[in-house]
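Participant: This is the structure I have questions about; it appears just below.
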Amino acid sequence: MKTMRNVIPSSSRFQPGNMPLSFFPDPAVSSPGFEQALEPAELLVAPAVSYHQHRACSALVRRMYAWRGYKMSAARQIIEDPNHATLGAWMDGELVATLTASRDSSAGLLADNLYSEELAKLRKPSHVLCEVTRLAVDVDSHDPELLKSLFRSSYKYARAIFGVTDVVIEVNPRHATYYRREFGFSQIGTVRTCPRVDAPAVLLHRSLGNLRF
């Protein structure tokens with residue numbers, strides 16, 4: 001595994017949309033300072049905070065969804081939305097993976113479209129739900145630790161910034177066993193067809209309460 005440097009802030013004073021652009025150098029802009037900040041073969045996982053970073057993440061999602069034959073719906077997220085955060089994994093300045101973490105709010109979660117009853121059982125006064133969506137990994141990135149690093153970082157971010165206690169994700173049933181084994185998820189919904197991607201999906205859940213980093 002290439003060296004990973006986690007640059008996600010541990011303080012909740014950082015909020016999506018409020019982070020200075022200098023917090024994470026923009027890989028879309030050629031900069032000697034950015035190149036010097038990276039060690040050779042280094043993986044950085046951080047929130048996307050600039051327009052160029054968000055555009056790169058969206059482009060990767062579109063490309064990987066198309067490669068898998070999934071339909072791609074328009075994103076409802078805006079950069080300034082405090083309930084949504086897009087994270088990117090950058091290998092030597094190149095984006096290789098991304099996901100979006102969405103905190104539960106009055107607008108609900110995307111998974112409510114198929115699994116509103118299951119989510120209602122998780123919604124308790126002491127619980128804060130977070131949904132992982134728009135997950136994509138570059139097809140040329142084969143390191144099995146890459147996705148684990150991205151998820152570990154998203155867990156840290158969700159707990160530190162959103163105060164999240166529980167994470168849910170809709171995945172293709174073919175991949176459910178992997179998510180249960182590698183990421184500690186449990187299946188809480190039956191297989192249904194997700195209209196956003198026009199593919200089968202199943203809802204998985206995990207608590208962050210006993211997670212140690």
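Computed from the coordinates by the stated procedures, all read-outs in this text should not be read as laboratory data. Note that this is a predicted model, so its numbers are computed, not measured. For neighbour counting, all protein chains shown are included, and Cβ atoms are generated from backbone atoms with ideal geometry for every residue, glycine included.
Participant: Taking K121 as the anchor, which aspartates and glutamates have their alpha carbon closer than 13 Å to its alpha carbon, excluding any fewer than eight residues away along the same chain?
Facilitator: Cross-link targets: D112, D166.
Participant: Report the label-to-label distance for R62 and S105 in nanometres (one decimal), using points 7 Å from each Cα along the Cα→Cβ vector.
Facilitator: About 2.4 nm, to one decimal.
Participant: Whole Å is fine, so just give me how far the alpha carbon centre of region 149-211 lies from that of region 84-140.
Facilitator: Rounded to whole Å, the Cα centres lie 8 Å apart.
Participant: Now for a separate question. With the calculation restricted to Cα positions, what are the radius of gyration and Dmax of region 38-141 in angstrom?
Facilitator: Here Rg and the maximum Cα pair distance are 15.2, 48 Å.
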